[in-house]
Amino acid sequence: MDKKQILVVDDEPNVLVTYRLILQQQGFAVTAAISSEEARRCLDSVTIDLLLCDLSLEKQESGFDVIEYARKKNAKVPAVLLTGYATQDANDWAEQRGIPVLFKPIDIQQLLETINKLIKNEGGSSAANQAK
Amino acid sequence: MATAQMSVRSGTKTTTERRRDAALRLLTAERSDEILPVLLEEIVALGYPRALITAVDYDSAELRPTVSLNCSKSFQQRFRTSIYALDHPLVQSLQTQKPKQIPSLPRASNPVLCYPVLYRHKAPCWEAERLNRPGCLAILNNSNAKLNLGDQVCKVCDMRSYAAVVVVELNRNASAAQTANLSGLIEMANRHMARLFKTEHYYNRMSDMEVTIAQMETVMESMSDPVILTDNQHRVIMQNKAAERFFMLPEEVSEGRVRAVELNNMLFSAALSSMAVSGSDGTRDLALVDAVEAEEVLFEAVSAPSFTRDGRRTGMVTVLRDVTELRRADEELRQNYEKLTSAEEVVRQDRDRLNLIIENVGDPIVVCDKDSKIVLLDPLAQELLGTGRDAARSPVRLRNQAKLDAYITAFTYSFSDRESAPLRLINPTSSQEVEFDAHSGKIYDERGQVAYTVTVLRDLTAVRRVEQMKMERRMLEMEKFAAAGRLAGTIAHEVNNPLEAIKNCIYLLANSVQEEAQPVYTILKTETERVARIVRQMLGLYRNTEQVGTFDVNSVAEDTLLLFARQLERAGVIVEKDLQDTIPPSVGSADQLRQVFSNLVVNARDSMNQGGTLFIRTKLLNNGVHEMVRILIGDTGCGIPKQMVETMFEPFVTTKGERGTGLGLWIVKGIIENHGGKLRVRSKVGQGTVFKIDIPVVR
């Protein structure tokens with residue numbers, strides 16, 4: 001069976017590395033991007049099964065842009081929004097699109113459960129599963 | 001009757017014999033009217049040709065012949081005359097009481113003797129004698145004074161005298177001895193007649209008296225009030241039927257009746273005695289027992305002494321008037337009057353109390369009639385609105401009156417019984433606007449129309465000042481809380497990313513730690529997790545402060561319970577929820593409230609190591625001014641020690657050691673106060689803890 005392809009986007013290098021390592025440990029094929037620009041490049045070149053994206057990226061870029069870009073490529077691609085702090089607008093935005101929001105510090109077990117669920121239901125949009 | 005035979009026989013007797021016979025005949029007469037015919041017979045028997053009696057008829061005031069012997073009609077008519085014909089020899093004879101001889105009448109050859117007879121005596125009549133009164137007619141007529149023919153009624157015994165003239169035709173050759181003999185006979189007859197007349201008079205009086213007595217008895221019996229005649233020893237002489245009911249025993253009697261009658265007699269006798277002793281023969285109340293009805297009857301006894309004509313006291317006449325009903329009515333009247341007086345007293349006291357209350361309310365009070373015209377002001381209201389004339393001089397007061405009038409008119413015509421509204425009036429002394437809370441109520445008349453309105457003006461200056469201070473303090477608190485939240489958020493945010501990396505590293509290293517380094521790894525892992533929790537908590541507070549809307553307390557509670565359902569079940573905690581389903585929404589952040597519920601539910605769970613009961617209740621409270629939702633979250637856990645209760649809402653205070661952040665209750669308190677609510681706690685060590693939260697609702 002092919003490994004599922006996950007794209008992780010975070011502007012903190014150490015965080016990005018650890019996510020990649022954890023996901024690889026779980027048997028996923030992981031592509032890591034440190035910026036939105038890099039993330040777009042990856043999306044152009046690789047077909048992904050899931051997008052894991054930090055909300056606040058470098059400069060004025062945000063996770064929304066990356067997710068929008070990914071959805072343009074594949075409208076049904078599942079995504080998870082990671083954030084230390086989300087405004088009501090961000091919450092609403094994510095909810096509308098069926099994208100779960102996980103707050104940092106993230107409980108790894110919860111992260112893995114969320115990912116597995118989304119990949120299993122790939123192609124369909126799951127109900128919002130917001131965590132605190 | 002005189003007969004020829006008699007006159008023949010008499011002619012054979014001596015004068016003395018004849019006189020004795022005549023006396024005896026006269027004596028045998030039983031009635032006065034028998035005397036005169038006998039006399040005429042005796043006169044004729046003496047040898048006189050004819051004689052007649054002409055008597056005074058008081059009705060026609062004339063002398064009329066009544067009895068005659070041997071007299072023709074025409075002869076008799078000669079001796080008829082008015083008693084006022086004073087020169088008539090008959091009248092003169094009567095008036096002078098002396099016999100008069102008429103020498104020769106026309107058409108008659110013999111002279112005639114007129115001899116007056118009338119009621120007269122040397123001794124007074126019995127009545128005059130007994131009463132020792134002068135004026136007895138017998139005596140008066142016996143005196144030599146000139147007789148008054150028109151007034152022949154005795155002043156003492158009411159007896160009407162007879163007066164008549166015996167007319168005898170004398171023989172032409174009659175001797176003086178014969179005439180004297182005649183006079184003696186007439187005089188004797190008169191004496192007899194006077195005596196019989198007197199006896200008859202007394203007999204008639206007795207008959208009259210019997211009639212009078214019978215009449216009096218009828219009167220007495222016909223009186224419905226008891227009437228009793230008593231003698232001087234207060235013994236009952238006579239009583240009517242009404243009195244017998246009380247004072248006389250009938251033939252068949254009960255013992256009770258006997259006692260009642262005895263008692264009545266005793267009471268009556270005592271009353272009479274006391275009246276006699278006190279000398280007041282007047283009126284007195286007397287309670288007697290009605291033996292038939294067996295009830296007490298109240299009488300008013302009116303007694304008067306009875307006297308004989310000569311002034312001797314013979315006893316008492318007592319009339320008893322039943323005044324039971326009268327007294328009862330009297331008593332009722334008195335009681336009613338007393339009731340009225342006491343009711344009046346109560347009303348007066350009420351009024352005084354009310355006045356005292358009004359004077360001491362400390363707020364201006366205005367009473368208006370149905371046309372919104374002021375009828376009563378307390379001193380404070382007078383100051384504000386003025387009274388009559390001085391109001392007209394103060395424009396401020398006029399303006400106040402106009403404002404109040406507008407408000408009261410609107411209230412009077414509104415459908416509500418009471419109303420409260422803000423009213424801004426100007427204080428005439430300080431000329432500053434004062435905010436009042438006008439509380440008004442209506443007083444209705446018996447037809448349900450508004451009769452009066454009462455308005456109490458509550459000066460809100462002080463209340464507003466306190467409210468302002470409270471508001472300022474809350475703002476400050478909120479600002480502090482928000483600032484603390486922002487600071488915590490910033491720190492947490494900066495810490496967050498490095499922490500995320502550390503946490504991930506620890507996770508990655510889990511399988512590659514050597515046996516001997518395992519305890520160190522465990523410390524590293526748990527301490528990092530603790531930091532993560534603190535950061536999460538802080539960020540949670542900061543994260544949602546801007547998220548404000550309306551939310552349903554019950555669904556937040558349900559959500560929270562659902563979220564923790566499995567955890568609670570594992571901890572052996574039974575959940576009892578009682579959520580009132582008519583709670584209106586509250587304003588604020590649902591997320592923040594969810595945090596409140598979460599923190600409290602987690603605390604409750606942690607306090608119940610051995611399991612227990614968690615209860616959550618919601619209820620709508622209404623204190624008449626505000627509506628509040630009351631939320632109770634309680635547990636049957638270990639409770640909070642007393643010394644902790646004071647500090648438990650401060651940050652970084654925890655009982656959970658490493659597991660706790662010490663921020664939970666601080667955040668709970670902050671959130672509740674941010675929502676304008678109140679948080680209270682009641683706890684007993686070993687029994688449990690109850691958090692009581694009140695949050696205002698918005699309609």
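The values are calculated or read from the model by the stated rules, or taken from the named source; none is laboratory data. Source: prediction; values computed, not measured. Positions of Cβ are generated from backbone atoms using ideal geometry, with glycine treated the same way; all protein chains shown enter the neighbour counts.
Data table
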quantity	calculated
Lone unmet requirement of (1) assigned to a loop (DSSP other than H, G, I, E, B); (2) out of contact with any Leu (no Cβ under 9 Å at 6 or more places or on another chain); (3) more than 18 Å from A:ILE6 (Cβ to Cβ) for A:PRO105	(2)
The range B:617-638 residues that are assigned to a loop (DSSP other than H, G, I, E, B), paired with ones that are exposed (fewer than 15 other Cβ atoms within 10 Å of the Cβ) (beta carbon under 8 Å, 6 or more apart)	B:THR636/B:GLN687; B:GLY637/B:ASN609; B:CYS638/B:ASN609; B:CYS638/B:VAL685; B:CYS638/B:GLY686
Members of the range A:2-23 that are facing chain B (nearest Cβ under 7 Å) and either touching a Leu at 6+ places or on another chain (Cβ under 7 Å) or of a type outside the set (S, T, N, Q) (or both)	A:GLU12, A:VAL15, A:THR18, A:TYR19, A:LEU21, A:ILE22
Flag if B:VAL548 is modelled with pLDDT of 85 or more and aliphatic (A, V, I, L, M)	no
Residue list for the range B:383-399, restricted to those being modelled with pLDDT of 85 or more and closer than 15 Å to B:VAL367 by Cα	none
Enumerated helices (runs of 4 or more DSSP H) restricted to the range B:364-449, each holding at least 2 residues that are more than 26 Å from B:GLY624 (Cβ to Cβ) and of a type in the set (Val, Ile, Thr)	B:395-412
Selection within the range B:463-513 - hydroxyl-bearing (Ser, Thr, Tyr) and either more than 14 Å from chain A (Cβ to nearest Cβ) or in a helix (DSSP H, G or I) (or both)	B:THR490, B:TYR507
Filter result (among the β-branched types (Val, Ile, Thr) and surrounded by fewer than 18 Cβ atoms within 10 Å (Cβ to Cβ)) within the range B:368-383	B:VAL375
Filtered residues of the range B:87-97 (kept if without any contact (Cβ under 8 Å) to a residue 24 or more places away in the chain and over 11 Å from B:VAL165 (Cβ atoms))	B:ASP87
Filter pass, B:ILE506 being β-branched (Val, Ile, Thr) and out of contact with any strand residue (DSSP E or B) (no Cβ under 9 Å at 6 or more places or on another chain)	yes
Residue count for the range B:6-24, restricted to those that are modelled with pLDDT of 50 or more and not in a loop (DSSP other than H, G, I, E, B)	10
Selection status of B:GLU627, at pLDDT below 85 and over 17 Å from B:GLN537 (Cβ atoms)	yes
Candidate set: the range B:140-168, residues that are touching a Leu at 6+ places or on another chain (Cβ under 8 Å) and assigned to a strand (DSSP E or B); chosen: the one surrounded by the most Cβ atoms within 10 Å (Cβ to Cβ)	B:VAL168
Test: residue in the range B:647-662 that is over 30 Å from B:ALA532 (Cα atoms) and of a type in the set (S, T, N, Q)	no
Matching residues in the range B:503-522 - criterion: being farther than 22 Å from A:GLN110 by Cα and either of a type in the set (Val, Ile, Thr) or crowded, with 16+ Cβ neighbours inside 10 Å (or both)	B:VAL513, B:VAL520
Within the range B:295-323, considering residues that are of a type in the set (S, T, N, Q) and surrounded by fewer than 17 Cβ atoms within 10 Å (Cβ to Cβ), the one nearest to the chain's Cα centre (by Cα)	B:SER306
Residue, surrounded by the fewest Cβ atoms within 10 Å (Cβ to Cβ), within the range A:51-92, restricted to residues that are farther than 24 Å from B:MET538 by Cβ and among the aromatic types (Phe, Trp, Tyr)	A:TYR69
Count - residues of the range B:661-694 that are surrounded by fewer than 19 Cβ atoms within 10 Å (Cβ to Cβ), touching a Ser or Thr at 6+ places or on another chain (Cβ under 8 Å) and either outside the structural domain of B:ALA604 (by TED's automatic domain parsing) or assigned to a loop (DSSP other than H, G, I, E, B) (or both)	2
Filtered residue count, the range A:1-26, keeping only those that are within 21 Å of B:SER512 (Cβ to Cβ) and among the β-branched types (Val, Ile, Thr)	4
Odd one out for B:ASP350 among (1) in a loop (DSSP other than H, G, I, E, B); (2) outside the structural domain of B:PRO428 (by TED's automatic domain parsing); (3) not aliphatic (A, V, I, L, M)	(1)
Residue in the range A:24-40 that is out of contact with any strand residue (DSSP E or B) (no Cβ under 9 Å at 6 or more places or on another chain), of a type in the set (D, E, K, R) and more than 14 Å from every other protein chain (Cβ to nearest Cβ) present	yes
Residue within the range A:94-104 that is within 14 Å of another protein chain (Cβ to nearest Cβ), free of Cβ contacts under 8 Å to residues at least 12 places away in the same chain and surrounded by 15 or more Cβ atoms within 10 Å (Cβ to Cβ) present	no
Check on B:ASP310, within 30 Å of B:ALA128 (Cα to Cα) and either at pLDDT 85 or above or out of contact with any Phe, Trp or Tyr (no Cβ under 9 Å at 6 or more places or on another chain) (or both)	yes
Enumeration of residues in the range A:96-132 that are within 24 Å of B:HIS493 (Cβ to Cβ) and modelled with pLDDT of 85 or more	A:ILE99, A:PRO100, A:VAL101, A:LEU102, A:ILE106, A:ASP107, A:ILE108, A:GLN109, A:GLN110, A:LEU111, A:THR114
Yes/no for B:GLY386 being on the phi > 0 side of the Ramachandran plot and surrounded by fewer than 14 Cβ atoms within 10 Å (Cβ to Cβ)	no
Which numbered condition B:GLN592 fails, given (1) away from every other protein chain (no Cβ under 11 Å); (2) at pLDDT 85 or above	(2)
Single unsatisfied condition, B:GLY135 versus (1) of a type in the set (Gly, Ala, Ser); (2) within 30 Å of B:ARG312 (Cα to Cα); (3) surrounded by 21 or more Cβ atoms within 10 Å (Cβ to Cβ)	(3)
Leading residue by the ranking (farthest from B:ALA590 (Cα to Cα)) among those in the range B:516-541 that are within 11 Å of another protein chain (Cβ to nearest Cβ) and polar (S, T, N, Q)	B:THR528
